[in-house]
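Scroll down for the structure; my scribbles are underneath it.
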Amino acid sequence: MKISLNWIKKYVFPLNMDENKISNILTDIGLTVKGIHNENQDFVLDVEITPNRTDAMSHYGIARDLYAVLKFRGYKVHLVKPIINEEIHCNNSNNKSNLSILVKIHDTCIRYSGIFISKIKIETSPCWLISRLRSIGIKSINNMIDIIHFVMYELGQPIHIFDMDQIEDKKIIIKNADNDTKFQSSDKIIRKLDEEDLVIYDTVKPLSIAGMINHIKSNIHVRTKNIFIGSACFNPIIIRNLIKKHSIKTETQHFFEKDTDPNQTVYALQRSAFLIKKIIKNKIICSDIIDCYPNPISISKIRLRYKNIINIIGKKISKKKIKKILSLLEMMIDSENDQYLLIRIPFYRTDVQREIDVIEEIFRIYGIHKIPIHNQIKIPTFPKIFFKTEYEIQKILFEQLVCFGFQEIISYTIRKNEEKFSSLLNSFLKRQEIKILNPVNYNYQFMRSSLIFSMIECIEYNIKNNRIKSNIKFFELGNIYYKINNKFLEKTYLGIAIYQKKKTESKNYPFFYLKGIIEQIFQKSGILNYTQILSKHPLLENGISILYNHKNLVELGKFKNHIFKKNEIFYAEIDWKYLVSIIQEKKIIYIPFSRYPTSRRDLSLLVDKTISFEKINQLIKKKENHIIKKIQIYDLYEGKNFPISKKSYTVSFFFESQKETLTDKIINNSMKEIELFLKKKLKAEIREK
């Protein structure tokens, strides 16, 4: 939006100010004050206004905002509102026109005001008006249309004008169009309207599409003697839909499609009538303003709490300064006490709807530059999960799983009799099943000894009832039951399962995805130093066991598939009580973030097939290379072009220092040490890079 500085100076006056200060406030640094005060020389600013700040989409709106800033910062300025003559219609005491306005759609047309002016003369605009419009890129057309454009850019209120003699029965009707209505607009395009379009009618024909573009017959021309000026506040959503639907491109649309102040429609008409009277030499006759405002919008009130201002801004601002800023922003105080202010928001501030919006305004006027910035930025260095109760830990981790797309299930603790894998599991773990003495259902006689049985049952149920449209992810926190040496035991586990309906391109993808979920839980819990070994779990194949302090914490792998044929279940079972105890006993260790960049190097090596990545990981950790921040497996390959007894790993090393930026020489020397170390310990062959 283009803004003329000379135009703004008509409303906000700097008095007794140092010339250099005026220059810095109103212009770019380096422009002379002499140039500013020269009426023949103007400076135009291209201002980008955020869509919510409709109050600043005008010269007076920007002047009003500028006044608040300058006044608060101690400059002696005055704000002058554009002049109107509220008694403009009194030129003729008998000027009560028969014009009427009827609004049929109150939810779309919030307010509509109009005025009838007769004995006007269409001619060229005066030089000052042409100059004002030209400064912001608006071409002069004639005195009436120029005044309409001037008031729009002065106040931000859209206005439209009709030839009064073309209005049938002197009646304005705002309603939806009739179906298949043909509308030939002033741009000579014939548009087809339907019942969703907002149109201004007389008793016979359409006059305008929502005041944005007129019918070719309702436009004013050089012979026009009587005019009707309308000022409206429409629902901006309806206007935006109309603009898009009918490809409307006019000056007015930019104002109509925003939230405008309904209380400004009458004022804009008074301003227009005042300027018409000022530039036309003969005496015009104005009717009373006809105003249709069926459901007046109530003024918004917001409670502003002092403590919230301090918490948000980060600095204590005196109550006196807060009240001064609110007064300059025309936010009136209804009531107050030591804790808060109850303030009324002016209608034109459609963007201020919450307490935080008011605080933002205070912050803006007070000055962001006045808020001190600390040299140190304080951020939490550990997850909030530490020192929590078991319930709070459960809540945090469950929310994390839900965010990953998992659904919680709650299943029976009694399993089916035909479960084939139960005996295999109990035999491996050297424990006995618990049989119910008096089962309610003969098919359910045993307590479950693993959560995987209830997971499978739940998945089967969903498959049979066609409830699975894609891959499914379940989790359950529950107890398992078993006997050892005739002693009844009960343990709590967190089970996580992924059911893959169709195979992806990589058959191991769900395994690594599930492993990543477990690692995310560990990261959230602050568990870092864990190890991985190949799992011997009888129900899981190609699985791993995750140990913490040499004690089993997680079993993870693919369920041995004898039930689901081509479909697969990937399952992880976490010892819940052990996990909770680790989290609760975890000590907080602060390691400052490095200010220096991280560098990455990849290493491809050929090793014996029996060597796992975890073994490589643990070996390198024991080497205690302090600049290695992280090690990740990048690729694993075995098969064609390699011996049967060998496999290839590509490992990514991430280097970082707390003291300096690592040079290529330091990193390359470290990589050579790692290569020699792996050759010695694992008899690894380093592949060509």
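The values are calculated or read from the model by the stated rules, or taken from the named source; none is laboratory data. Worth saying up front: this structure is predicted, and the values here are computed from it rather than measured. So basically every Cβ, Gly included, is an ideal-geometry build from the backbone, and we count neighbours across all protein chains shown.
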| task | Quick one: which residue in N462, N466 is in a loop (DSSP other than H, G, I, E, B) and over 25 Å from L579 (Cβ atoms)? | result | N466
| remark: Scanning the stretch 631-672 for residues that are among the small types (G, A, S) and surrounded by 15 or more Cβ atoms within 10 Å (Cβ to Cβ), the one farthest from I591 (Cα to Cα) turns out to be S648
| note | When every residue in the stretch 596-629 that is charged (D, E, K, R) and more than 22 Å from G526 (Cα to Cα) is compared, the one nearest to the chain's Cα centre (by Cα) is R600
| remark: Residues in the stretch 638-686 that are part of a helix (DSSP H, G or I) and among the polar types (S, T, N, Q) total 3
| said: Residue under question is I297, and the condition is that it be closer than 30 Å to N98 by Cα, touching a residue at least 24 places away in the same chain (Cβ under 8 Å) and either among the basic types (K, R) or touching a Pro at 6+ places or on another chain (Cβ under 7 Å) (or both); does it hold? | reply: yes
| remark: Reported set for the stretch 100-117 where residues are in contact with a helix residue (DSSP H, G or I) (Cβ under 7 Å, 6 or more places away or on another chain) and either among the aliphatic types (A, V, I, L, M) or not assigned by TED's automatic domain parsing to the domain that holds D169 (or both) is I110, I115, I117
| query | Within the bounds of the stretch 414-421, is there any residue that is exposed (fewer than 12 other Cβ atoms within 10 Å of the Cβ), at pLDDT below 75 and farther than 30 Å from K586 by Cα? | reply | yes
| task | Assess whether S97 counts as being under 47 Å from the mean Cα position of the chain (by Cα), of a type in the set (S, T, Y) and either surrounded by 15 or more Cβ atoms within 10 Å (Cβ to Cβ) or modelled with pLDDT under 90 (or both). | result | no
| task | Filter the stretch 384-413 down to residues that are modelled with pLDDT under 90, within 28 Å of the chain's Cα centre (by Cα) and of a type in the set (K, R), then give me how many there are. | result | 1
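Yes or no, residue by residue, for (1) surrounded by fewer than 19 Cβ atoms within 10 Å (Cβ to Cβ); (2) in a helix (DSSP H, G or I); (3) modelled with pLDDT of 85 or more:
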site	(1), (2), (3)
K21	yes, yes, no
N24	yes, yes, no
D42	yes, no, no
T50	yes, no, yes
Y60	no, yes, yes
A68	no, yes, yes
K71	no, yes, yes
K81	yes, no, yes
N85	yes, no, no
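Are any residues in the stretch 261-296 in contact with a strand residue (DSSP E or B) (Cβ under 7 Å, 6 or more places away or on another chain) and closer than 28 Å to P126 by Cβ, and if so, which ones?
Looking only at the stretch 261-296, we keep the residues that are in contact with a strand residue (DSSP E or B) (Cβ under 7 Å, 6 or more places away or on another chain), and these are 262, 265-266, 268-269, 272-273, 276, 284-287, 289-294.
Once the filter is applied, which keeps residues that are in contact with a strand residue (DSSP E or B) (Cβ under 7 Å, 6 or more places away or on another chain) and closer than 28 Å to P126 by Cβ, the stretch 261-296 yields T265, V266, A268, L269, S272, A273, I276, I284, I285, C286, S287, I289.
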